Amino acid sequence: MRRIHDLVAFCLPYEFEDVVAEVTGADRVEPEDHEALEFARRIYKAVRLATRSRKLARSLLPRLGVPRLTRDYELFLPVFNNAFELFALLAIPDWRKRCRVAACFISEMWVDDVPEYLLEQLARFDHVFVGLRHLTDEAARIVGRPCTYLPLAVDVLRFAPYPNPPTRSIDVCNVGRRSPVTHAALLRMARDRRIFYYYDTVRATGERGRQMTFRVGNASEHRLLLANLLQRSRYFVANFSRVNEPDVVAGKEEISSRFYEGVAAGTVLLGEPPASEEFKTQFDWPDAVIRLPFDSPDVAQLLGAIDADPQRVERIRRINVHQAALRHDWIHRLHTIFDTLGIHPTEAMVARGERLRSLATLALGARGDAA
């Protein structure tokens with residue numbers, strides 16, 4: 001969906017696509033006519049809800065003028081940012097006939113945002129993978145197909161600072177959703193020239209200005225920029241998904257991408273992790289995250305206390321990269337998909353795994369980052 005939807009948050013699943021294409025040689029289908037797709041979606045929705053007939057709703061759809069697949073494939077693996085993008089499947093005629101196995105990955109989908117008339121599109125898949133843990137059972141009930149939680153991840157080879165770690169000249173990096181209280185405290189430190197504080201300056205959007213988002217021209221270039229920033233950051237603020245929307249989260253705290261990005265880059269993570277067993281399982285090593293309450297006017301004191309123990313800081317950085325290389329690269333998620341579907345990994349997948357294991361070993365034995 002990268003040619004249609006270009007919000008900064010969507011760069012993460014597009015990174016997954018890039019890794020999949022690199023290690024499998026996959027052909028890519030990228031719809032471009034958003035207006036035609038949206039028009040067709042509205043027609044389908046109106047007819048489907050009015051008549052309750054999927055067949056009739058499909059028969060009345062306008063032609064989208066997209067090319068048909070010309071060969072057969074072992075696997076069809078579309079990646080969606082959210083459930084509202086599922087209608088883009090109509091842009092790929094005969095995908096089910098042409099593909100022996102079909103699975104998809106939906107990176108973010110909250111229970112209150114689930115449009116059942118769109119989730120029906122998933123019934124033709126052999127397996128559905130979702131990036132949020134709380135929705136798997138509900139999605140499986142609606143769709144009637146196996147549904148598995150597939151954690152988010154990161155291109156660890158891109159984000160890791162080794163073998164030549166740069167100077168960490170950014171003291172605190174805080175991008176995306178943020179607490180105005182903590183932000184104000186960090187700004188005071190920056191004004192006093194006590195720290196180099198990196199943060200977003202885009203206008204907040206969404207209800208009550210709780211989102212920090214913008215559009216991106218090239219997803220891969222943006223991910224490279226973020227990786228470069230984090231490799232040069234000492235501390236990185238990471239909180240559970242939609243941390244400033246308690247009415248949406250409603251006790252269903254999910255792991256945001258910030259945790260994977262931060263550990264892969266060897267930063268010291270500060271923030272509020274999800275209060276879930278899933279988080280404890282995925283990030284089960286000491287100091288994976290140092291707790292910083294979302295609203296922390298005294299963040300300066302915490303930073304000072306951590307800085308007073310440089311050996312601890314160095315240990316955190318090395319272990320974070322080590323664990324990310326062994327557990328949280330996109331290749332680990334692709335192996336999960338292939339194992340679930342009974343597909344053998346490619347030689348390139350195996351080779352990437354070997355590179356990651358070498359990186360993990362290097363991280364533990366590396367000399368300290370440049371300060």
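The values are calculated or read from the model by the stated rules, or taken from the named source; none is laboratory data. Just so it is clear, the model here is predicted, and its values are computed rather than measured. A quick note on method: Cβ atoms are made from the backbone with ideal geometry, for glycine too, and the neighbour counts reach across all protein chains shown. Calculation scope for accessible area: heavy atoms of the full protein, side chains included, ligands and nucleic acids excluded. Shrake-Rupley method; radii C 1.70, N 1.55, O 1.52, S 1.80 Å.
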Residues to consider are Arg327, Arg312; find the one that is over 30 Å from Val23 (Cα atoms) and not small (Gly, Ala, Ser). Arg312
Among helices (runs of 4 or more DSSP H) entirely within the range 97-206, at least 3 residues that are over 30 Å from Ser220 (Cβ atoms) and open to solvent by less than 30 Å² (accessible area, probe 1.4 Å) occur in 180-191
Tell me, please, whether a residue that is more than 18 Å from Asp171 (Cα to Cα), in contact (Cβ under 8 Å) with a residue 40 or more places away in the chain and in contact with a Pro (Cβ under 7 Å, 6 or more places away or on another chain) can be found in the range 347-365. yes
In this structure, is Asp27 at pLDDT 85 or above, part of a helix (DSSP H, G or I) and open to solvent by 30 Å² or more (accessible area, probe 1.4 Å)? no
Are any of the residues in the range 63-71 modelled with pLDDT of 80 or more and within 23 Å of Glu138 (Cα to Cα)? no
Breaking point among (1) within 18 Å of Glu138 (Cα to Cα); (2) outside any loop (DSSP other than H, G, I, E, B), for Leu89: (1)
Evaluate the range 64-77: report whether one residue or more is open to solvent by less than 20 Å² (accessible area, probe 1.4 Å) and either in contact with a strand residue (DSSP E or B) (Cβ under 8 Å, 6 or more places away or on another chain) or assigned to a loop (DSSP other than H, G, I, E, B) (or both). no
Quick one: which of Leu269, Leu230, Leu226 is touching an Asp or Glu at 6+ places or on another chain (Cβ under 9 Å), open to solvent by less than 10 Å² (accessible area, probe 1.4 Å) and part of a helix (DSSP H, G or I)? Leu230
Selection from the range 30-55 of residues over 25 Å from the mean Cα position of the chain (by Cα), without any contact (Cβ under 8 Å) to a residue 40 or more places away in the chain and open to solvent by 70 Å² or more (accessible area, probe 1.4 Å) yields Glu35, Phe39, Arg42, Ala50, Arg52, Lys55
Please enumerate the residues belonging to the range 236-253 that are touching a residue at least 24 places away in the same chain (Cβ under 8 Å) and either open to solvent by less than 10 Å² (accessible area, probe 1.4 Å) or polar (S, T, N, Q) (or both). Phe236, Ala238, Asn239, Ser241, Asn244
Among the residues of the range 304-319, are any touching a His at 6+ places or on another chain (Cβ under 9 Å), of a type in the set (A, V, I, L, M) and without any contact (Cβ under 8 Å) to a residue 40 or more places away in the chain? no
What number goes with the only condition from (1) under 18 Å from Lys97 (Cβ atoms); (2) touching a Pro at 6+ places or on another chain (Cβ under 9 Å); (3) modelled with pLDDT of 85 or more that Ile4 does not pass? (1)
